[in-house]
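Structure first, commentary second.
Every number here is computed from the coordinates shown, using simple stated rules; none is lab data. Keep in mind that what you see is a predicted model, and the values were worked out from it rather than measured. Cβ placement follows ideal geometry from the backbone for every residue including glycine, while neighbour counts extend to all protein chains displayed.
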Amino acid sequence: MQITAAQVKELRERTGAGMMECKKTLTETGGDLEAAIEAMRKSGMAKADKKADRVAAEGRVEIASEGSNAVIVEINCETDFVGNDDNFRAFAANCAQVALGSAVDSVEELMAETVDGQTLEEQRTQLVAKVGENVQVRRFQRMNVDGVFGAYQHGARIGVLVGLNGGDEALAKDVAMHIAASQPVCVDESQVPSEMLDKERAIFKAQAEESGKPENIIEKMIEGRIRKYLAEITLVGQPFVKDPDQTVGKLLEASGASVAGFIRFEVGEGIEKKTENFAEEVMAQARGA
């Protein structure tokens, strides 16, 4: 019997289980949705049903590398307490190692990979049941380096991979550490997205026009602010964190090196976190009563 995408979607919404597990269980139950839900509840896979839509913005970043190949993975949970749990840490490390050793391109494909007779999705579901929180593998990215490779982790929350043309491992690690601290958008001016630059230029122009100065002076003010902005967001333009008297660009130049590329992950970046006010919650309940 052919299992449709709509069936898989409905089962996933009702149980919170992964796509591959939903399809597998529907196949085993001949497409019977209620039987599939019951089977998943019995196996513990549906214990994530109440947790799947909860915000998971904590967790950890894991890095795995071998030779010139490396991967960085972000795995999320709901609290930093679970983020430091040994079971969660082991699952995160396992995900990184599997991603490093596979050729998958998406999180969905990664979760379908099998380790010790279980898919990563099955391991994730069991972990949810054990720790009592929503757990999600959010993203991963690989780096293949022909030159010098550097990695840096700031605790469990920030991870950086960087590849250099020239230089050595010590320099690569220093640059990775700088990227972790200073959050550059890209390597140099040539990589700055045009829409980002246009947006900043429009803001600077509006601010400069309020000064009432002549047009030629305004243009100089805008260009000066653009140069300062580019120095702030580009890796080579930023003051080096370990020696602010020189830029990262000058540091690289002194070693005859350049940056081939970098990846920076920070736990929870871009995830909208729910903020709760306990006093307001109590007042709302009192008013409702």
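Taking neighbour counts of Cβ atoms within 10 Å as a proxy for exposure, in what order, fewest first, do 228, 130, 24 appear?
228, 130, 24
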Pick out, from 247, 202, 258, the residue whose Cα sits farthest towards the positive end of the charge dipole of the chain, with +1 on the Cβ of Lys and Arg and -1 on the Cβ of Asp and Glu. 202
Considering the options 71, 87, 134, tell which one lies farthest towards the positive end of the dipole of region 58-144, charges being +1 on Lys and Arg and -1 on Asp and Glu at the Cβ, about the Cα centre. 71
With runs of 4+ DSSP H residues as the only contributors, calculate the mean residue ellipticity of the chain at 222 nm using -39,500 (n - 2.57) per run, divided by the residue total and rounded to the nearest 500. -14500 deg cm²/dmol
Enter the Cα centre distance for the pair region 125-161 and region 66-117, rounded to the nearest angstrom. 6
Set of aspartates and glutamates with alpha-carbon distance to residue 205 below 12 Å, sequence-local pairs under 8 removed: 215, 219, 223
Just to compare against my own numbers: the Cα pair-distance distribution for region 58-144, 10 Å bins, whole % per bin, please. 18, 54, 25, 2
When the dipole is taken about the Cα centre of the chain, and only Lys, Arg (+1) and Asp, Glu (-1) are charged at their Cβ, what size is it in debye, to the nearest 20? 400
Between residue 271 and residue 35, what is 0.36 nm times their sequence separation minus the Cα-Cα distance? Round to one decimal in nm. 81.5 nm
For the chain, longest principal axis from Cα atoms; helix 215-233 axis from its Cα atoms; angle between them, nearest 10 degrees, is 50
Report the normalised scattering of region 171-280 as log10 I(q)/I(0) at q = 0.12, 0.24 Å⁻¹, calculated by the Debye formula with identical scatterers on the alpha carbons. -0.59, -1.25
Semi-axes (Å, rounded, descending) of the ellipsoid equivalent to region 120-160 per its C-alpha gyration tensor are 30, 14, 7
In a Gaussian network model over the chain where Cα atoms closer than 10 Å are linked, find which of 180, 208, 103 has the largest mean-square fluctuation. 208
At a Förster radius of 25 Å, what calculated FRET efficiency corresponds to the Cβ-Cβ distance of residue 106 and residue 13, to the nearest 0.05? 0.80
Quick calc, region 58-144, dipole around Cα centre from Cβ unit charges on Lys, Arg (+) and Asp, Glu (-), nearest 20 debye, gives 140
Selection of trypsin sites (Lys or Arg not before Pro), region 193-225, meeting DSSP coil and at most 11 other Cβ within 10 Å: none
Residue of 210, 38, 58 that the Gaussian network model of the chain assigns the largest fluctuation, springs spanning Cα pairs under 10 Å: 210
Which residue, 202, 36, 156, has the most motion in a Gaussian network model of the chain that connects Cα atoms within less than 10 Å? 202
Relative to the first principal axis of the alpha-carbon coordinates of the chain, what is the inclination of helix 19-28, with its axis defined by its Cα atoms, in degrees from 0 to 90 and to the nearest 10? 20
On a 0 to 90° scale, report how tilted helix 120-131 is relative to the longest principal axis of the chain, with both axes built from alpha carbons and the result rounded to the nearest 10. 80
At 7 Å along the Cα-to-beta-carbon direction for both residue 4 and residue 210, put a label point, then send me their distance in nm to one decimal. 5.7
